[in-house]
1. Could you tell me how many cubic angstrom of Cα convex hull volume the chain has per residue?
2. May I ask you to give the solvent-accessible area per residue for the chain, in square angstrom, as obtained with a 1.4 angstrom probe?
3. Could you compute the net charge surrounding Gly46? Neighbours are other residues with a C-beta less than 13 Å from the C-beta of Gly46; K and R count +1, D and E count -1.
4. What's the local net charge at Glu34, with K and R +1, D and E -1, over the other residues with C-beta under 15 Å away?
5. Got the relative contact order for the chain handy, in percent, Cα pairs under 8 Å and 6 or more residues apart?
6. For Gly48, which sequence-distant residues (separation of 5 or more, or a different chain) have an amide H within less than 5 Å of its own amide H, given hydrogens modelled in the peptide plane?
7. List the pairs from Lys13/Lys39; Lys38/Lys80; Lys3/Lys78; Lys39/Lys80; Lys3/Lys83; Lys3/Lys39 whose alpha-carbon separation is above 23 Å, in the order I gave them.
8. How high is the FRET efficiency between Asp20 and Thr68 when r is their beta carbon distance and R₀ equals 41 Å, given to the nearest 0.05?
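The values are calculated or read from the model by the stated rules, or taken from the named source; none is laboratory data. The structure presented is a predicted model; accordingly, all values stated were derived computationally and were not measured. As a convention, Cβ positions derive from the backbone with ideal geometry for all residues, glycine included, and neighbour counts pool all protein chains shown. Note: areas computed on protein heavy atoms with side chains; ligands, DNA, RNA excluded. Shrake-Rupley method; radii C 1.70, N 1.55, O 1.52, S 1.80 Å.
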Amino acid sequence: MNKNEFIDAVAEKSGLTKKDSKAAVDAVLETITEALVKKDSVAFVGFGTFLVGQRAARVAQVPGTGKTVNVPATTVAKFKVGKALKEAVASSK
């Protein structure tokens, strides 16, 4: 499902217009992004938590050549799945 399909689904489930649904989805994504930029986490009980993590610097090997390269430390966005979402996905087999 891409963003436009997601907006259509939100509009259908909420009874909002597509324009209002797009504004709501954009606002949610922007708010999550702003929180992560501030190194805050965003938790939706049962769904999951968006958080910021650190990846340590490491040495990696290029598969084709075997050459080693230094990969610098970096800050990354992470998502930890909540219990209800995990169970819903697991039971959908």
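1. Normalising the Cα hull of the chain by residue number yields 171 Å³.
2. Dividing the accessible area of the chain by its residue count gives 80 Å².
3. +2
4. -1
5. Relative contact order, the chain: 21 percent.
6. Result for Gly48 returns Gly82.
7. Beyond 23 Å: Lys13/Lys39; Lys3/Lys83; Lys3/Lys39.
8. Result of the calculation: an efficiency of 0.20.
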